[in-house]
Amino acid sequence: MKRGIALAALLAPLELLAGAQRNEPIDPVVLATLSGQIADRAAPYFNFSNPSDGHRWVYAMSERLRKRVPDRKTRIELLKTVQYEATRAGLDPQLVLGLIEVESGFRKYAVSTAGARGFMQVMPFWTSVFGRPRDNLFNLRTNLRYGCVILRYYLNLEKGDYFRALGRYNGSLGQPEYPNAVHSHWRGRWKYDGPTG
């Protein structure tokens, strides 16, 4: 009984912040670029200019993530994919970790009330937008690739305004709760002062 109450208390904030990304028209040239980024299936690798920076980052992030993802192999695979997809999309991996914590609490099979799926809570309509309706949004690499590409798209659309881009990502544009929560985790729990790529 106590576990059920504790679980409900942990999940309640996520439900309150859940929005629904909007399927808005995208310029055909931009769509072609985004689709190419989604289709790229290169294997993820740690993208650090100095390997020792990579080892320090992985160790620090792995320790912070240990309670959420107890299995070391799964944790390292998640961190490798976050770091690869985030830097590939020109995003701070710490931002992506903060977003994942708010969106899914690091639950691979999370599904929101709006139907968003996976770690980064990607709405299923995006698979059709990118012409890839068979993509599995519960697949780690697929989910993070979609999430990072979509967030980068919204940041470009909003000319670098994180508050508005995060609002678009969550489907809560103009409401402060979600962008503030992500920012708080990005600059709080996931803050890292060393190189992230």
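Would you mind calculating the relative contact order of the range 156-197 from Cα pairs under 8 angstrom and at least 6 residues apart, reporting the percent as a whole number?
Normalised by residue count, the contact order of the range 156-197 is 24 percent.
Hey, in the GNM for the chain with a 10 angstrom Cα cutoff, which one of Gly174, Gly118, Gly105 fluctuates hardest?
Gly174
For the pairs Lys73/Lys159; Lys80/Lys159; Lys67/Lys191, flag any whose C-alpha to C-alpha distance is greater than 26 Å.
Going by Cα-Cα distance, Lys73/Lys159; Lys80/Lys159 fall outside the 26 Å limit.
How about the range 102-197: which trypsin sites (Lys or Arg not before Pro) there are in a DSSP loop, with at most 16 other Cβ atoms within 10 Å of their Cβ?
Numbers: sites: Arg107, Lys108, Arg117, Arg134, Arg141, Arg145, Arg152, Lys159, Arg164, Arg168, Arg187, Arg189, Lys191; in loops: Arg107, Lys108, Arg134, Lys159, Arg189, Lys191.
Taking the range 102-197 and a limit of 16 other Cβ atoms within 10 Å, the loop trypsin sites (Lys or Arg not before Pro) found are Arg107, Lys108, Arg134, Lys159, Arg189, Lys191.
Using Cα pairs closer than 8 Å and at least 6 residues apart in sequence, work out the relative contact order for the chain, in percent.
28
Place the peptides 78-84, 61-67 in order of packing, highest mean first, counting for every residue the other Cβ atoms within 10 Å and averaging per peptide.
Descending packing order for the listed peptides: 78-84, 61-67.
Which percent of the accessible area of the range 108-197 is formed by carbon and sulfur heavy atoms (probe 1.4 angstrom)?
In the range 108-197, the share of accessible area belonging to carbon and sulfur is 49 percent.
Which of rounded, prolate or oblate describes the range 140-179 when judged by the alpha-carbon gyration tensor and an a/c cut-off of 1.5?
In terms of gyration-tensor shape, oblate.
Sorted from largest down, what three extents in whole angstroms do the Cα atoms of the range 104-190 have along their principal axes?
33, 26, 22
Once every DSSP H run of n ≥ 4 in the chain is given -39500 (n - 2.57) and the sum is divided by its residues, what mean residue ellipticity at 222 nm do you get, rounded to the nearest 500 deg cm²/dmol?
Computed ellipticity for the chain at 222 nm equals -18500 deg cm²/dmol.
The values are calculated or read from the model by the stated rules, or taken from the named source; none is laboratory data. Here the structure is a predicted model, which means the values were calculated and not measured. All Cβ positions, even for glycine, are placed from backbone atoms using ideal geometry, and neighbour counts span all protein chains on display. Each accessible area value is taken on the protein alone, full model and side chains, heavy atoms only, with ligands, DNA and RNA left out. Shrake-Rupley method; radii C 1.70, N 1.55, O 1.52, S 1.80 Å.
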